[in-house]
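K.L.:
Please read through the structure below; I'll follow up with questions.
The values are calculated or read from the model by the stated rules, or taken from the named source; none is laboratory data. In this text, all values refer to a predicted model and were calculated from it rather than measured experimentally. Methodologically, a virtual Cβ is constructed for each residue, glycine included, from the backbone with ideal geometry; neighbour enumeration extends over all protein chains shown.
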Amino acid sequence: MFILGPTASGKSAAAMHLARHLPVEIISVDSAQVYRGMDVGTAKPSTAERAAVPHHLIDLIDPTAAYSAAQFRADASRLIADIHARGRLPLLVGGTLLYVKALEDGLSNLPEADANIRKGLEGEAARRGWPAMHAELARLDPVTAARLKPNDSQRIQRALEVFRITGKPMSALQGARSGRAAPFDALKLALIPSDRAQLHVRIAARFDQMLARGLVDELRDLQSRFALQAHLPAMRCVGYRQAWEFLAGEIDAKALRERGVAATRQLAKRQHTWLRSMSDADTLDGLAPTLNDAVRARVERWLANIR
């Protein structure tokens with residue numbers, strides 16, 4: 001079973017409510033929660049929640065390391081089998097939808113990330129700007145460039161990285177997939193908020209709460225314990241990137257909040273678009289006051305039909 005949705009759409013609360021009624025174990029589908037020590041900015045479940053319900057794929061690696069969709073596919077597949085063997089129900093919860101696609105459909109034959117190439121691209125972008133990097137991508141891989149905005153730094157960087165590693169455009173490699181599709185059918189619930197403005201209010205309140213809980217202090221502590229660099233995947237996570245800029249003296253506290261909220265809204269918009277493309281997902285309103293009960297009712301109907 002999947003509970004998917006954009007950030008601040010009520011996924012975690014719905015999952016914990018479901019866990020009070022059914023024997024579930026939660027598998028995190030969140031590319032930021034895999035990092036140890038990054039708790040405030042990733043909204044990890046609390047110690048009490050993790051004690052009450054088994055949670056998996058949280059706190060796997062240090063923030064200097066990287067975690068891929070291929071690793072998620074392998075880890076989640078193993079966990080799903082293990083949880084079923086225990087007579088319990090695997091519940092996959094999160095908003096990293098690339099992980100869902102990797103689990104269900106297999107993986108594109110794309111190379112793993114190369115830290116040195118990424119660092120070089122970051123340096124080039126700092127000198128030239130991301131619109132110029134986008135123009136370079138348009139020359140090398142016009143198909144991929146056509147679907148990216150000139151300021152979409154993360155995806156432009158990945159596409160250029162793939163070309164520099166393989167000498168081939170990403171668009172030519174994405175059609176071929178490795179790994180079989182998942183050998184199971186699953187209920188997929190998409191929590192899509194009905195009112196974008198209300199979601200934005202939630203996002204702002206959530207980011208303010210993270211700041212109040214010490215997001216900046218958390219990053220400062222991580223910088224003292226690890227050899228962190230701005231280009232690392234962990235430091236590119238929403239919230240941490242802006243906190244990094246603040247600690248580096250590049251922006252002030254007001255800009256930290258404004259950029260953090262804006263980046264979270266952009267993330268939610270991308271997640272919303274991806275969820276809308278999932279034709280096999282059942283859609284529920286993530287803002288509905290009865291959301292948790294609706295999730296439970298839909299899951300119980302599905303379980304009754306497959307038993």
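K.L.:
Considering each of L256, L219, L215 in turn, give the residue that is modelled with pLDDT of 95 or more, buried (at least 18 other Cβ atoms within 10 Å of the Cβ) and over 11 Å from G41 (Cβ atoms).
P.N.:
Numbers: L219 fails: over 11 Å from G41 (Cβ atoms); L215 fails: over 11 Å from G41 (Cβ atoms).
The conditions single out L256.
K.L.:
Out of all the residues in region 41-58, which are within 19 Å of M16 (Cα to Cα) and in contact (Cβ under 8 Å) with a residue 24 or more places away in the chain?
P.N.:
Kept after step one, since they are within 19 Å of M16 (Cα to Cα), are these residues of region 41-58: 42-58.
Listed by number, the residues that qualify are T42, A43, P45, E49, A52, V53, P54, H55, H56, L57, I58.
K.L.:
Please determine, by comparing only the residues of region 270-300 that are loosely packed, with under 13 Cβ neighbours inside 10 Å and hydroxyl-bearing (S, T, Y), which one is nearest to A197 (Cα to Cα).
P.N.:
T273
K.L.:
Can you tell me which condition G94 does not meet? The list is (1) over 28 Å from T264 (Cβ atoms); (2) in the same structural domain as S9 (by TED's automatic domain parsing), and all the others hold.
P.N.:
For G94, the exception is condition (1).
K.L.:
Considering only residues of region 48-70 that are crowded, with 16+ Cβ neighbours inside 10 Å and β-branched (V, I, T), which is nearest to the chain's Cα centre (by Cα)?
P.N.:
I58
K.L.:
Also, quick follow-up: For region 54-70, give me the residue count where each residue is touching an Asp or Glu at 6+ places or on another chain (Cβ under 7 Å) and not in a strand (DSSP E or B). Explain how you work it out, then say what you get.
P.N.:
Quick first cut of region 54-70, residues touching an Asp or Glu at 6+ places or on another chain (Cβ under 7 Å) only: 54, 56-57, 68.
Restricting the remaining residues to those that are not in a strand (DSSP E or B) gives 54, 57, 68.
Residues flagged as touching an Asp or Glu at 6+ places or on another chain (Cβ under 7 Å) and not in a strand (DSSP E or B) within region 54-70 amount to 3.
K.L.:
Next question. Evaluate the following for V34: is it in contact with a Leu (Cβ under 7 Å, 6 or more places away or on another chain), more than 29 Å from R158 (Cβ to Cβ) and either modelled with pLDDT under 95 or buried (at least 21 other Cβ atoms within 10 Å of the Cβ) (or both)? Lay out the reasoning, then the answer.
P.N.:
On the way: in contact with a Leu (Cβ under 7 Å, 6 or more places away or on another chain): yes; more than 29 Å from R158 (Cβ to Cβ): no; either modelled with pLDDT under 95 or buried (at least 21 other Cβ atoms within 10 Å of the Cβ) (or both): yes.
In short, no.
K.L.:
Looking at F246, F226, which one is closer than 23 Å to I58 by Cα and among the aromatic types (F, W, Y)? Show your work before the answer.
P.N.:
Values: F246 fails: closer than 23 Å to I58 by Cα.
Exactly one of F246, F226 is closer than 23 Å to I58 by Cα and among the aromatic types (F, W, Y), namely F226.
K.L.:
Restricting to region 101-117, what's the tally of residues that are of a type outside the set (S, T, N, Q) and either at pLDDT 95 or above or part of a loop (DSSP other than H, G, I, E, B) (or both)? Explain how you work it out, then say what you get.
P.N.:
The initial filter retains those residues of region 101-117 that are of a type outside the set (S, T, N, Q), namely 101-107, 110-115, 117.
Restricting the remaining residues to those that are either at pLDDT 95 or above or part of a loop (DSSP other than H, G, I, E, B) (or both) gives 106, 110-114.
Residues that pass the stated criteria total 6.
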